[in-house]
Structures are given as structure tokens and as C-alpha cells.
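To start, the structure itself, in C-alpha cells.
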Amino acid sequence: MDKTKILNLVNQARSEEGLSTLTVNADLNKAADQKTAEMQKEGYFAHLNSQNKDISAFLPSTYQYYLLGENLANGYSQEEILVEDWLNSETHRDNILYPAYKDTAISVLDNGKTFLAAQVFGLQQKDFLENWKEIKDQEMLNTQSALQVIFLTSLILFLVIGFWALTAKVSLPK
């Protein structure tokens with residue numbers, strides 16, 4: 001599998017949502033490569049290793065992150081299907097389309113007929129400080145959207161219960 005093709009498909013999905021494209025970061029590359037190598041060597045497939053450490057444990061000290069995310073995949077042989085499945089999974093899609101992420105890295109290891117893949121997403125502290133207002137505005141929009149959904153759901157529930165109460169033949173005790 002081709003890492004560049006995976007990155008292009010991920011960036012295409014971000015562009016279609018009006019988001020900036022991700023840039024490959026050398027420090028994240030080191031972490032992604034170490035993580036996939038360890039998973040293959042130790043025979044596990046998880047976000048936490050046997051010492052309960054996540055992807056941040058693989059980062060060089062030169063990458064001071066504010067946000068960090070990781071998508072894993074195993075058993076794929078085609079980039080398009082891998083990225084499509086990530087986009088069809090809520091948590092993987094959230095990582096791919098999270099507006100604040102600026103950096104990424106992709107590691108792919110051959111398992112014979114299929115591949116083991118990891119994509120790491122990051123936002124460095126220095127980038128957060130430079131772009132904090134834009135990031136906070138986007139988080140506020142996400143919060144407002146969630147509150148609107150909660151309000152509309154509550155309103156619909158109230159109307160359904162009210163309609164049921166008006167139309168139901170309920171006998172109240174005297």
C-alpha cells in the first residue's frame with residue numbers, strides 16, 4: 001500500500017469538508033513507524049501497548065503536542081477501501097475531519113497479503129497558540145450544534161408525549 005495515496009485520499013476528504021489539508025511531519029513519522037513495528041513484532045493490534053502506553057509514548061521530545069490522535073487498520077490491501085472504512089467509522093472519521101489537526105504521518109507494514117497501517121494526527125502547542133481563536137471558534141460551533149440537536153430532540157419528545165396525552169383515552173382516578 002502507498003502512504004502517499006492514503007494521505008491524498010484523507011486530504012481529499014478534508015478538502016471536501018472545507019478543511020485544510022494535513023502536512024506530513026517527520027516526528028510523527030517516527031512515532032507511527034515505531035508503533036506499527038512494535039505492533040507487528042509483539043503481535044498486538046490496539047491503541048495501547050502491553051505497558052498501557054499510547055502513541056504519545058513513541059513521540060520524540062521535539063514534538064510538543066496540544067492534540068494527538070491515531071487511526072489504526074489491519075488486513076487491508078487497497079488504500080481506497082481502507083480510507084473509505086475509516087470515513088464510515090465515527091471515531092476514525094472524527095480524527096480525519098477534526099479541523100484543528102495540522103500534522104500527520106502514515107506508517108504501513110506488509111503482513112504478507114495484507115497490511116498493518118497507522119495514521120497519526122497532531123497539532124503542536126506552538127500551532128495551537130498561533131491559531132487558538134480559530135480552533136476555539138470551531139469547537140464552539142461543534143458545541144452549539146450538539147446543543148441544537150439536544151434541544152430539537154427534547155422538543156420533538158415533548159410534542160410526541162403531548163400529542164399522545166391529548167389523544168389517549170386515560171381514565172384518571174376520582
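The values are calculated or read from the model by the stated rules, or taken from the named source; none is laboratory data. Predicted model, so just to flag it, every value in this text is computed and none were measured. Ideal geometry is used to build each Cβ from the backbone, glycine not excepted, and the neighbour counts take in all protein chains shown. The protein model used for the area step is the full one, side chains on, heavy atoms only, and it has no ligands, DNA or RNA in it. Shrake-Rupley method; radii C 1.70, N 1.55, O 1.52, S 1.80 Å.
Some values worked out for this structure:
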{"read-out": "Residue-wise HN-Hα coupling along the range 56-64, computed from phi with Karplus coefficients 6.51, -1.76, 1.60 (Hz; x: Gly, Pro)", "value": "4, 5, 8, 6, x, 5, 6, 9, 8"}
{"read-out": "HN-Hα J in Hz across the range 14-30 - Karplus 6.51, -1.76, 1.60, θ = phi - 60°, x for Gly and Pro", "value": "5, 4, 5, 9, x, 9, 5, 7, 8, 10, 5, 10, 4, 5, 5, 4, 4"}
{"read-out": "Contact order normalised by residue count of the range 1-75, Cα under 8 Å, 6+ apart, percent", "value": "27 percent"}
{"read-out": "Listed residues MET1, MET39 arranged by accessible area, highest first, probe 1.4 Å", "value": "MET1, MET39"}
{"read-out": "Translational D in µm²/s for the range 60-133 (Stokes-Einstein at 37 °C, 0.692 mPa s, Kirkwood Rh from C-alpha pairs)", "value": "245 µm²/s"}
{"read-out": "Simple Cβ-charge dipole of the range 1-134, Lys/Arg +1 and Asp/Glu -1, about Cα centre, in debye nearest 20", "value": "300 debye"}
{"read-out": "Radius of gyration, Dmax [the range 1-112; alpha carbons; angstrom]", "value": "13.6, 39"}
{"read-out": "Computed accessible area, ASP27, all protein chains, 1.4 angstrom probe, square angstrom", "value": "30 Å²"}
{"read-out": "Projected label distance in nm at LEU87 and HIS47, using a 7 Å step from Cα toward the beta-carbon", "value": "2.2 nm"}
